[in-house]
1. Between L46 and L3, what's the calculated FRET efficiency when r is the beta-carbon distance and R0 is 22 Å? Round to 0.05.
2. Could you tell me the extents of the chain's C-alpha atoms along the three principal axes, largest first, rounded to whole Å?
3. V22 to R56: FRET efficiency via 1/(1 + (r/R0)^6), r the Cβ-Cβ distance, R0 35 Å, to the nearest 0.05?
4. Below 8 Å between Cα atoms, with a sequence gap of 6+, how large is the relative contact order for the chain in percent?
Amino acid sequence: MKLLFVLIAFIAGATSSFQVVVNTQMRTYLVHPMQATLVSFVVGTLASSVYCLILRSPLPALNEVTRAPWWVWIGGLLGTLFVWSSIVVAPRIGVAALLCAVVAGQMLASLMIDHFGWCHAAQFPVTAQRLFGAALVVTGAVVMATGK
């Protein structure tokens, strides 16, 4: 079962490369990169809405939603930052270098999130083996970003 989840994550990572290219191309038809970001999120919102309708997913109770801490609401803002920055950065450094830098940032942030349990995440302590793996990822990102 763990292999299935790894495969899903791998596919999600692969699709993010295409997301960068598609959004960057959309930007060429618009005036501003943020407009391409908006188009991306509108299409994603429509797709998510259709999926929820197909599932007949019930709406949450308002009192449950209002109990959520402020920081759980910023996921879309973080996604907006990623999509917008990829639209702006990819044409300047390439998709591969962009996503290597993204993965390096994700690796370092995720190690801290895992270790400290930030945002109520399950805690997984930093070990020498995990640090070594992260160092390999960051080293690979530096090589990709600086190589021609």
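None of the figures in this text is laboratory data; all of them are computed from the coordinates on show. Worth saying up front: this structure is predicted, and the values here are computed from it rather than measured. Because the Cβ atoms are built from the backbone with ideal geometry, glycine has one as well, and the counts that use them run over all protein chains shown.
1. Using R0 = 22 Å, I get an efficiency of 0.10.
2. Taking the Cα atoms of the chain, the three principal extents are 48, 44, 31 Å.
3. For V22 and R56, the calculated efficiency is 0.70.
4. So the answer I get is 24 percent.
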